[in-house]
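A.B. asks: Handing you a structure now.
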Amino acid sequence: MVARVDTVLREELDRPDGLASPDVFVLDPCCGTGAYLVEVLRRIGETLKEKGGDALLAEDLKRAAMERVFGFEILPAPFVVAHLQLGLLLQSLGAPLSEKRSERVGVYLTNALTGWEPPKGPKQHLIFPELEEERDAAERVKREAPILVVLGNPPYNAYAGVSPAEEEGLVEPYKEGLISEWGIKKFNLDELYVRFFRLAERRIAEKTGQGVICYISNFSYLVGPSFVVMRQRLLSGFDALWIDSLNGDSRETGKLTPDGQPDPSVFSTEQNAEGIRVGTTIITMTRRSQRAKQPRVRFREFWGASKREDLLASLAAKEFERKYKTLEPAPENRFALRPSNVGAAYRSWPSVVDLAGWEPLPGLLEKRKGALIDTDRAALEDRMRKYFDPRLPWDAACSQVRGLGRDAARFDAKHAREKAIAAGPFDPASIRPLVVMPLDVRWCYYTTVRPLWNEPRPKYGRQCWSGNGAIVCRRKAEANPEGMAFNYVSQLGADHLIHKDAYFIPLCVRPEPHSPADGPTPQGRLLPVEKPTAGIPIANISDPASAYLNRLGITAGREPREMAQSLWMHVLAVGYSIEYLSENKDGLRDNWPRVPLPNSKALLRESTTLGEQVAALLAPLTQVSGVTSGKTRPEMKVLALISTDKGGQMARDSGDLEITAGWSHEGKGGITMPAKGKLLQREYTMEERAAIEEGAKALGIASKEAFALLGPPTCDVYLNQTAYWRNIPLKVWEYRIGGYQVIKKWLSYREKKLLGRGLIIEEVKYVTEMARRIAALLLLGPALDANYSDVKSATFDWAGLAAQPAPAAKPRRSSS
C-alpha cells in the first residue's frame, strides 16, 4: 500500500520524489502500533538514499517523522508501541529523538473521528494537563496540516452504534437519497470503517482538494446496496480508483476460490490460518487539482493462500496498469466497484417487490430457547397447558417452559406469563405447523400476545390461513453456496427459514384495520384493490402486475387465488431454474430477485404449471402423487430406504432409530452446531441404476442426463453405527435452499443428545420423503431451464409498461 501511494504521488500528482517530497503530509488515522508509519519512513529513507543521501539523511527522516508523517490512535497501549517503534527506527538510523529538546514523533492519542472543526462552545477541560496538550496538538494537525495522503487499515465493527453527536453527522452524506431515490430502507452505514472512509474523503476531496487515499478494509462497500451513495460520492470526488480485491470472505465465498481451493484472509497467520471472517479489499484513490471529466476505475482480484505474496510481486510487473480490468460504474449497476455478470436484461425485469401489492413480510422470531416450538406436538401441548395454568405456581412453571421462564433483553419472564394468562386460557387451535427451515416442519404455539414471541409478526400471521401460501426469498442472497434462492410454504414460516432473514410474499392477503399491535403503519406499497372489504382475500399483486396480467387476458375479475397463482407460481418456476441462478448470481446478491415475465398467456400458463409442481414439492405437508403418495414412481422406489447393517427388520425400542452418528453438537449458548456425521459414498447397485433409468424414460429424460442431475455417486446416510438411509444420491444429499443443506440440517437438529429421544417411525420415513422431494426437484431441472430459456426469448416489456401513464386513481389502502 505504501509503495502504491508512493507511485501515484509521482505519476498522478506531480510529486517526483513521492512520499519524500517535502510538501507531502501523511496521515494514518487509525495507526495502531505504527506499522504503516514505519513503512512510510522507510520508503522516504530509500528515496533519499537513491538521491545520493548525505550525512543529513537521518535528520531529514526525523524531521519528516515529527512534522509531516502523522498517526492517530485512540487506545493507549498501541499508541505507546507506535512511539516506541518509530523512536527505535530513528535511533537505528543515527537520529534519535532528543528528550532535551522535547522531540516527539507525530503520533497522537486522540479520537480520529472528532475534533476536525473548532468547538461551538468553550473547550472542555480534562483532568490531566498532559491529555489536554495531546488533544490540542492532535487538533492542530486536524485543522491546519495540509494532509495529502490518508492511508491505513480502519477498524471494522458493524455494531459500533450510531455515529455520536461529536462526529457531527459524519456519515450522513452517505445516507442521502438511499430511501427516496434508491428505495433502500435497511442499512447500517455507521460501521466504523465507513466512518473512516468519510473522514478521508472529506479531508482530501473537500479540504485539501487533491491527494491520495489508500485503505484496506471490509469489501462490502464494493457492491452492497446500502453503499450506493457512498460509491457515487467516491466516484465523483476522485479521478482514479484502483481496487485490489483480496476476497477471503466466509459468508460470500465460504473462504473458497472459484475452483474450490482454500481462500484464507490476507490477514491469516500460522496461528490463525483463516484470518478474519470478512473479505477485504485495498482501494487507492487519487484526486488531482485539475479534475478529470470521468474517473478511471480499475479492478483486479487475488485468490488463494499465496495472495499476499502475489500482491507484493505485482509491484514489479511491467505494464502494471494492464493487470487491471476497467470498470464502468453507473446508476444502472448501482455504481458497482466490482465486475458483475448481471446484464441489462436482468435489470430491466421487475423485482419481486415490484410485483407484490404488499412489501415482503419477515417471518416469526421466537428467541425463547425453543419453548414455543417443538418437534413433538404432545410435548409442546403439555408444556403450554402448564404455562397457561394459573393454578401452577411460577417456580413450578419455570421448570417446564425453558426460555419462557428466563428473563432476557426486553423480556420479563414472570410479567409475560401474567399477561398471557390474562389475555386468555390455553388454546389448542394455537398449536400450528411452523416451517423452521427448508422442508423442516415442526409445531409451534402461535399467539400475538407480546412478548411471548420475540417478534410474532401479526401482519404476516394473519395471512397464514388454510389454502394460502407464500413465496419466500431474501433481500439479497448472501450464503455460499447459496443453492436455491427461493422457497415456498403453505404454513407459518420462521424468520430464518432461509439463511438469514427470510421474507414472505403471501399469494393472497386479507386487508384488516390497523392494530396498535402491528406497530407503525408501513410506508410505501399499497394494495391494488378498489373498495376492499376487511377479511376478504385479494391477490397480492401490484397495480403494474395487475395491468400485465390484464394485457395477457387474465382479468382482474378472476378469483384472487387464480390471479395470484398465475403470477407467483411463474416466479417460483423461474427461481428454480439452475440456469437462472447461474446467470444472475450477482444480481441476486445485489438486491431483491428480479424475474422475467413471459409476453404470452400460453407461456405464462406453462410456467405457472411448473411452478405449482415446485410449490407442491417444497410444501412439507402437501402430498405429491408418485413422490410421497399414490403409486410411487420407479426411480423414487429405490431412494432413501431405511436399512440396517445387521440385516432384517428394525425395531423402535432397539435403539435402531436413534440418531447418534454425530451430525451436530451443542455450541456456545445451546446453539446447534453442524458436525461431520457418518456418510458412505458408493456407486449405484444394478437394481438402483435400472430403477433410475426406468424413471428417467417415463419422464422423457435421457438416462445419462438423469444421473448427471442426481449424481453418481450415491450415499448411504447413517443414523447411528448400524442404521442408515440407503441410496441418497450425492446431489440430493448436497441440495441447498437459501444456504441450508436441507437433509443434513434436518438431521443436525435430531441428534439424540440434543433431541432427548430417538426418532419416531414417522420421522424416519420423513427423511425418505425429503430425499424423494429433492430428487423430484432435481429431475424437474431440464423443464425448468427450458421454461426460463423460453421466457427469456419472449420477455414482456416491463420497463415499457412502467413508462406508460398511470390509470385514473382508485381508492387504495395501505398494507396495514
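A.B. asks: Which loop-located trypsin sites (Lys or Arg not before Pro) does region 201-298 contain, where loop means any DSSP state but H, G, I, E or B and the Cβ has at most 14 other Cβ atoms within 10 Å? Walk me through the numbers before you get to the answer.
C.D. replies: Numbers: sites: 202, 203, 207, 231, 233, 251, 255, 277, 287, 288, 291, 293, 296, 298; in loops: 251, 255, 277, 288, 291, 293.
When the trypsin sites (Lys or Arg not before Pro) of region 201-298 are filtered for loop state and at most 14 Cβ neighbours within 10 Å, 277, 291, 293 remain.
A.B. asks: For residue 152, what charge total do you get from the other residues with a beta carbon under 12 Å from its beta carbon, if Lys and Arg give +1 and Asp and Glu give -1?
C.D. replies: Its environment carries a net charge of -3.
A.B. asks: Give, rounded to the nearest 20 debye, the magnitude of the charge dipole that region 650-783 has about its Cα centre when Lys and Arg contribute +1 at Cβ and Asp and Glu contribute -1 at Cβ.
C.D. replies: Its charge dipole is roughly 440 debye.
A.B. asks: Report, in debye and to the nearest 20, how large the dipole of region 416-477 comes out about its Cα centre when Lys and Arg carry +1 and Asp and Glu carry -1 on their Cβ. Display every interim value, and only then the final one.
C.D. replies: Working: 11 positive and 4 negative charges, 72 e Å.
Result for region 416-477 is approximately 340 debye, rounded to the nearest 20.
A.B. asks: Continuing with the same structure: How do 648-655, 683-690 rank on mean C-beta neighbours within 10 Å, highest first?
C.D. replies: Descending packing order for the listed peptides: 683-690, 648-655.
A.B. asks: Normalised radius of gyration for the chain, please: alpha carbon Rg relative to 2.2 N^0.38 Å, two decimal places. Walk me through the intermediate numbers first.
C.D. replies: Working: Rg = 31.0 Å, N = 816, 2.2 N^0.38 = 28.1 Å.
So the Cα radius of gyration is 1.10 times the expected 2.2 N^0.38 Å.
A.B. asks: Here is a further query. Under a 5 Å amide H to amide H cut-off, with H placed in plane at 1.01 Å, what residues pair with residue 642 once short-range neighbours are removed?
C.D. replies: Those qualifying (amide H under 5 Å, at least 5 residues apart or on another chain) are 726.
A.B. asks: Scan region 207-282 for GluC sites (Glu not before Pro) in coil per DSSP, keeping those whose Cβ has at most 11 other Cβ atoms within 10 Å, and list them by number.
C.D. replies: On the way: sites: 252, 270, 274; in loops: 252, 270, 274.
Counting only loop positions with at most 11 other Cβ atoms within 10 Å, the GluC sites (Glu not before Pro) in region 207-282 are 270.
A.B. asks: Report, for the chain, the % of DSSP beta bridges that are antiparallel, rounded to 5. Kindly include the intermediate steps, with their values, before the conclusion.
C.D. replies: Details: 60 of 85 bridges.
About 70 percent, rounded to the nearest 5.
A.B. asks: Have a look at 38, 16, 1 and report the one farthest towards the positive end of the charge dipole of region 1-49, computed about the Cα centre with Cβ charges (Lys/Arg +1, Asp/Glu -1).
C.D. replies: Value: 38.
A.B. asks: Mind ranking 620-630, 24-34 by how tightly packed they are, going by the mean number of other C-beta atoms within 10 angstrom, highest first?
C.D. replies: Top of the packing list down: 24-34, 620-630.
A.B. asks: Continuing with the same structure: Can you list residues from other chains, or at least 5 along the same chain, whose modelled amide H is less than 5 Å from the amide H of residue 496?
C.D. replies: 502
A.B. asks: With a sphere of radius 12 Å drawn around the Cβ of residue 766, what net charge do the other residues whose Cβ falls strictly inside it have (Lys, Arg +1; Asp, Glu -1)?
C.D. replies: Residues near residue 766 contribute +1 overall.
A.B. asks: Rounded to the nearest 20 Debye, what is the dipole magnitude of the chain about its Cα centre when Lys and Arg each give +1 and Asp and Glu each give -1 at the C-beta?
C.D. replies: In debye, rounded to 20, the chain gives about 1680.
A.B. asks: How much mean residue ellipticity at 222 nm does the chain get from its helices, if each DSSP H run of length 4 or more adds -39500 (n - 2.57) and you divide by all residues, to the nearest 500 deg cm²/dmol?
C.D. replies: One gets -9500 deg cm²/dmol as the mean residue ellipticity at 222 nm.
A.B. asks: Whose amide H sits under 5 Å from the amide H of residue 263, counting only residues 5 or more places off or on another chain, with H placed in the peptide plane?
C.D. replies: 256, 257
A.B. asks: Is there a pair in 386/414; 207/293; 186/207; 255/744; 631/744; 185/601 whose C-alpha atoms are over 23 Å apart, and which pairs would that be?
C.D. replies: 186/207; 631/744; 185/601
A.B. asks: Heavy atoms only, probe 1.4 Å: what % of the accessible area of the chain goes to carbon and sulfur, would you let me know?
C.D. replies: Taking all protein chains in place, the chain shows 53 percent carbon and sulfur surface.
A.B. asks: Here is a follow-up. Answer with one residue from 292, 335, 317: the one whose Cα lies farthest towards the positive end of the charge dipole of region 238-370, charges on Cβ with Lys, Arg +1 and Asp, Glu -1.
C.D. replies: After comparing all options, I get 292.
A.B. asks: Let me ask something else about it. Sorting check: for 757-763, 44-50, 188-194, which peptide has the highest mean count of neighbouring beta carbons within 10 Å, and how do the rest follow? If you can, show how the numbers build up before the last one.
C.D. replies: Details: 757-763: 14.7, 44-50: 17.1, 188-194: 21.1.
In descending order of packing, they fall as 188-194, 44-50, 757-763.
A.B. asks: With a probe of 1.4 Å, find how much accessible area region 123-261 has per residue, and write the answer as a whole number in Å².
C.D. replies: In whole numbers, region 123-261 has 40 Å² accessible per residue.
A.B. asks: To continue, here is another question. Express the relative contact order of the chain as a whole percentage, based on alpha carbon pairs under 8 Å and six or more residues apart in sequence.
C.D. replies: Numbers: 1487 pairs, mean separation 78.7, N = 816.
Relative contact order of the chain: 10 percent.
A.B. asks: Projected onto the charge dipole of the chain (+1 at Lys/Arg Cβ, -1 at Asp/Glu Cβ, origin at the Cα centre), which of 200, 713, 210 gives the Cα projection farthest towards the positive end?
C.D. replies: After comparing all options, I get 713.
A.B. asks: Something else about it: Taking a probe of 1.4 Å, how large is the accessible area per residue of region 328-458, in Å²?
C.D. replies: 44
The values are calculated or read from the model by the stated rules, or taken from the named source; none is laboratory data. In this text, all values refer to a predicted model and were calculated from it rather than measured experimentally. Note that each Cβ is placed from the backbone with ideal geometry, even for glycine, and that neighbours are counted across all protein chains shown. Surface accessibility is based on the protein's heavy atoms, side chains included, excluding ligands, DNA and RNA. Shrake-Rupley method; radii C 1.70, N 1.55, O 1.52, S 1.80 Å.
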